[in-house]
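Novice: Once you've had a glance at the structure underneath, I'll fire off some questions.
The values are calculated or read from the model by the stated rules, or taken from the named source; none is laboratory data. Everything numeric here is computed off the predicted structure, so don't read it as measured data. Heads up, the Cβs are rebuilt from the backbone with ideal geometry, glycines too, and the neighbour counts pull from every protein chain shown.
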Amino acid sequence: MACLPVPYPDELLYSVIARYGVHAGITSPKQLLDEVFQNRQIIASVAFQGHLPQISAHYQGNTDLTPHKL
């Protein structure tokens, strides 16, 4: 499971995922999608509205980062 960084105030989730890729040394966009979403078919866009539960699952134990709050 990816260890996503905590979002900065008003940071887009797209940016959080990109930051994770840089910190993890992932150079392939498809590999990054596989790490975060376990799916390479996801279309990268600024709005990941349909995938918030998958993103919040990477923040287990952090009640501030639920799908609703993200």
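Novice: Restricting the search to segment 14-39, which residues are in contact (Cβ under 8 Å) with a residue 24 or more places away in the chain and either among the basic types (K, R) or touching a His at 6+ places or on another chain (Cβ under 9 Å) (or both)?
Specialist: Once the filter is applied, which keeps residues that are in contact (Cβ under 8 Å) with a residue 24 or more places away in the chain and either among the basic types (K, R) or touching a His at 6+ places or on another chain (Cβ under 9 Å) (or both), segment 14-39 yields only V36.
Novice: How many of the residues making up segment 25-42 are over 18 Å from Q60 (Cβ atoms), surrounded by fewer than 19 Cβ atoms within 10 Å (Cβ to Cβ) and either touching a strand residue (DSSP E or B) at 6+ places or on another chain (Cβ under 8 Å) or of a type outside the set (D, E) (or both)?
Specialist: Total satisfying the criteria: 11.
Novice: Moving to a separate point now. Can you name the residue in segment 50-70 that is outside any helix (DSSP H, G or I) and buried (at least 16 other Cβ atoms within 10 Å of the Cβ) and is also modelled with the lowest pLDDT among such residues?
Specialist: Of everything passing the filter in segment 50-70, L70 is modelled with the lowest pLDDT.
Novice: Right, next: Suppose we filter segment 1-24 for residues that are part of a helix (DSSP H, G or I), within 9 Å of the chain's Cα centre (by Cα) and crowded, with 17+ Cβ neighbours inside 10 Å; how many remain?
Specialist: Counting residues in segment 1-24 that are part of a helix (DSSP H, G or I), within 9 Å of the chain's Cα centre (by Cα) and crowded, with 17+ Cβ neighbours inside 10 Å gives 4.
Novice: Taking segment 34-49 as the search range and keeping residues that are farther than 13 Å from I17 by Cβ and either within 12 Å of the chain's Cα centre (by Cα) or among the acidic types (D, E) (or both), which one is modelled with the lowest pLDDT?
Specialist: The residue in question is Q49.
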